[in-house]
Amino acid sequence: MLFPLAAAGAALGAWAYGTYEPNSPLFGRVIGRGSRAGRVTYLTFDDGPNPRATEPILETLAAEGIPAAFFLVGEHVRRFPQVARRVARAGHEIGNHTLRHRKLHLAGPARIREELERTHALIVETTERAPRVFRAPHGYRNPFVGRVTRRLGYTVFGWTFGVWDSDPRVAAEQIRARVRRRLRPGAIILLHDGDGYDPQGDRSRTAAALPGIIADARAAGYRFGSLAELVA
């Protein structure tokens, strides 16, 4: 009696790990960190585009000559096409972050195809660039997600750490300090330039924190890499 219960518990635990751990390989290859060999880190932004945050973030990145990756929500691309085009023109990596920022772990194959394929088409139509990378909202996945990402030719990304910059109670200086404390070689940093559910969501604190994040990393000897290095 104990053995079947233990086996069922182990299977449930493995399924939960594959579903909720953003870097779990259970449902397909995922990259959650770059090489630890050098002082390189990677900036990534989720849930945009959003004019209030994406625009100043792009200005900071351009002034500093730094690449980043933007995982775009399809409905926000439709609402703010000019901002999406600006991200593309700046040469940053563009990623698929689903159509409506839906959690995918309980979704079936038809819903997942819709969320990813419609977003892919919107990004291509709007920016004239095809996304090569995907990140699941909240990192939640199931086996059907892997089938669609493989068909679209995506590299799937998780992240090394986030700093809860989407919490409205967290000030810009707190965001900066949290990144500084957790920075490690190869870290893929999760930040937000939009709100996945509210197109008017305020992420201006992240934009305000970015110059300090860059200054702190450079003072510690880091350079900022492009996710393209990890896709290749």
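The selection criterion, being under 18 Å from the mean Cα position of the chain (by Cα) and either open to solvent by less than 20 Å² (accessible area, probe 1.4 Å) or modelled with pLDDT under 95 (or both), holds for residue 156. When the residues of the range 52-81 are filtered to those that are open to solvent by less than 40 Å² (accessible area, probe 1.4 Å), assigned to a helix (DSSP H, G or I) and among the small types (Gly, Ala, Ser), the one that is farthest from residue 224 (Cα to Cα) is 74. Evaluate the range 172-182: report whether one residue or more is of a type in the set (S, T, N, Q), at pLDDT below 95 and out of contact with any helix residue (DSSP H, G or I) (no Cβ under 7 Å at 6 or more places or on another chain). No; the residues of the range 172-182 include none that is of a type in the set (S, T, N, Q), at pLDDT below 95 and out of contact with any helix residue (DSSP H, G or I) (no Cβ under 7 Å at 6 or more places or on another chain).
The single residue among 177, 219, 228 that is surrounded by fewer than 18 Cβ atoms within 10 Å (Cβ to Cβ) and under 21 Å from residue 88 (Cα atoms) turns out to be 228. If the condition is being hydrophobic (A, V, I, L, M, F, W, C) and closer than 13 Å to residue 206 by Cβ, then the range 140-179 contributes 163, 164, 170, 171, 172, 175, 179. From the list 113, 29, the lone residue that is open to solvent by 20 Å² or more (accessible area, probe 1.4 Å) and not in a helix (DSSP H, G or I) is 29. In summary, residue 162 fulfils each of the numbered conditions (1) in contact with a Leu (Cβ under 9 Å, 6 or more places away or on another chain); (2) surrounded by 17 or more Cβ atoms within 10 Å (Cβ to Cβ); (3) touching a residue at least 60 places away in the same chain (Cβ under 8 Å); (4) not aliphatic (A, V, I, L, M) with the single exception of condition (3). Looking only at the range 173-188, how many residues end up being under 15 Å from residue 45 (Cα atoms) and either of a type in the set (Gly, Ala, Ser) or without any contact (Cβ under 8 Å) to a residue 24 or more places away in the chain (or both)? Here the count works out to 1. Number of residues in the range 93-148 that are of a type in the set (Gly, Ala, Ser) and over 26 Å from residue 163 (Cβ atoms) equals 6. Against the definition (touching a residue at least 60 places away in the same chain (Cβ under 8 Å), of a type outside the set (Lys, Arg) and either over 30 Å from residue 100 (Cβ atoms) or open to solvent by less than 30 Å² (accessible area, probe 1.4 Å) (or both)), how does residue 196 come out, yes or no? For residue 196, the condition - touching a residue at least 60 places away in the same chain (Cβ under 8 Å), of a type outside the set (Lys, Arg) and either over 30 Å from residue 100 (Cβ atoms) or open to solvent by less than 30 Å² (accessible area, probe 1.4 Å) (or both) - is met.
The values are calculated or read from the model by the stated rules, or taken from the named source; none is laboratory data. Model, not experiment: these values are computed from the prediction. When we count neighbours, we look across all protein chains shown, and the Cβ atoms used for this are built from the backbone with ideal geometry, even at glycine. The protein model used for the area step is the full one, side chains on, heavy atoms only, and it has no ligands, DNA or RNA in it. Shrake-Rupley method; radii C 1.70, N 1.55, O 1.52, S 1.80 Å.
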